[in-house]
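The values are calculated or read from the model by the stated rules, or taken from the named source; none is laboratory data. All values derive from a computational prediction rather than experimental measurement. Cβ placement follows ideal geometry from the backbone for every residue including glycine, while neighbour counts extend to all protein chains displayed.
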Amino acid sequence: MSSERVESFLRRLQETQRDAYLRKREVFGDAESPFLTDSVDWHKYVKCLRQKYGDGCYKALCIVKEAFDKCPTKAVSKFLAVDGSMHCLVGLLTTPMTEPRVQLKVAECLVSMTLADSNCCLLLCKAFSPYLGVLMSSKVPALEWRLLTAAGNLCMDVDANCVRILWKQGIFVAMSKFLDRDDDFLKESVLFAFQALVQKQIDDLNEQLAADRALMSRLYDVFDRASPSSDLCHLSSIILFRLAYWETMPRDADRSLKLIMKLDQALHCDPLPVRVVIPVVRSISIAFARRTEWPSTLAVMFAQITSKLLGSKFVPLRSETLWTLCNFAFSSLLHCEAFLPQVSDLLVSIMEVVNLSNSLEVAELTSTIITNLTLFLSERITNENAYLLLRCAAENLSNRMRTS
């Protein structure tokens, strides 16, 4: 897979991530909308927070949160400028005797505060990260979800220091355990954070993630059980794709089979869940490039859905399929033999893609595929029409390559 194509895909992922960020701002407050933060007596409300109990503390939190929602960076900066303000929030969140409604409101404030700028996020991360892991195991879903959302927002911050701090505090290990829960809402929040992490392209952290067998098992389990059209499937497919590049990632036939089975399910959806199909196809392509021999069952299953992929109206999917097919056919005789039962349909599909494209890349990929099919199958094809199709395809591509 060329570096240009990877960069293009990552840019699209970043755009998706920004959309998610804006949706969260819509939930917890619009970005920097007019709010009279200068009229808020921050010292007064911090003093109320020090009371820890009663309506005064709770009402102060409500007012403070409203300010954070309306004007995150400005309000959070003014709040943090008050001596002891951060200490008050940390204390309210971590003290066992804190009223549940107060603790939840502090968690809501934390979520709103994570929508501020990088300087504020870094201060928040340093102050709260030592306690997040323990608080996440509170068994109170409302609190857990808010803390997971806050952690996810911190992961999205442009400053990678937040991610490294959360990593060192073991927050990602704590979050990964939520993938075992029977709660899609919590799992989605966890995957949101992990997606933000892998998109940071912090090599040492991503390499460790890929080597974490417990995490990979959980990710594949979530991916396998999720509907192809769901956010869970979308997020987990992107994470798996990004980690697939690392040699430390475990590779076995069962997991690759799960990818192919999910791809087959997705192809039966209407509309086609492209946001899942593309990263899954790329994960399969990387798997084929990294390992040369796959069980015949897996090879046959992939061969059976190849024509569907090549027949897609979505042009990028056809291109991705050619890359995957190129890696697959290049690997071994066993893989090419898997195409024997439907070699005619495959050749027709391949040439239709070529005829619809003027891309030199498509011609080169297709030429490699046809060359390998000819090398491995020319003496195995008993159907005369299929043999003629193979010969015609090879000649057609040879002419295209000469005139390109």
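Summary table
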| read-out | value |
| --- | --- |
| Set Ala150, Ala116: member being in the same structural domain as Leu92 (by the TED database), part of a loop (DSSP other than H, G, I, E, B) and under 16 Å from Phe68 (Cα atoms) | Ala116 |
| Qualifying position, being in a helix (DSSP H, G or I) and within 20 Å of His268 (Cα to Cα), among Leu334, Leu309 | Leu309 |
| Considering residues of region 119-147 that are assigned to a loop (DSSP other than H, G, I, E, B) and more than 22 Å from Cys88 (Cβ to Cβ) only, the residue farthest from the chain's Cα centre (by Cα) | Lys139 |
| Hits in region 197-224 (condition: closer than 26 Å to His268 by Cα and touching a Cys at 6+ places or on another chain (Cβ under 9 Å)) | Val222, Phe223 |
| Residues (outside any helix (DSSP H, G or I) and more than 21 Å from the chain's Cα centre (by Cα)) located in region 153-173 | Gln169 |
| Checking Ile370 against (1) at pLDDT below 80; (2) farther than 21 Å from Leu263 by Cβ, the condition it does not meet | (1) |
| Any helices (runs of 4 or more DSSP H) falling wholly within region 180-297 and containing at least 2 residues that are out of contact with any strand residue (DSSP E or B) (no Cβ under 9 Å at 6 or more places or on another chain) and over 23 Å from Ala160 (Cβ atoms) | 184-199, 213-225, 231-243, 253-267, 274-290 |
| Region 146-191, subset under 18 Å from Val111 (Cβ atoms) and small (Gly, Ala, Ser), residue surrounded by the fewest Cβ atoms within 10 Å (Cβ to Cβ) | Ala174 |
| Test: residue in region 17-24 that is of a type in the set (Asp, Glu), under 36 Å from the mean Cα position of the chain (by Cα), modelled with pLDDT of 85 or more and not assigned by the TED database to the domain that holds Ile239 | no |
| Qualifying residue in region 350-368 (condition: of a type in the set (A, V, I, L, M) and within 25 Å of Leu235 (Cβ to Cβ)) | no |
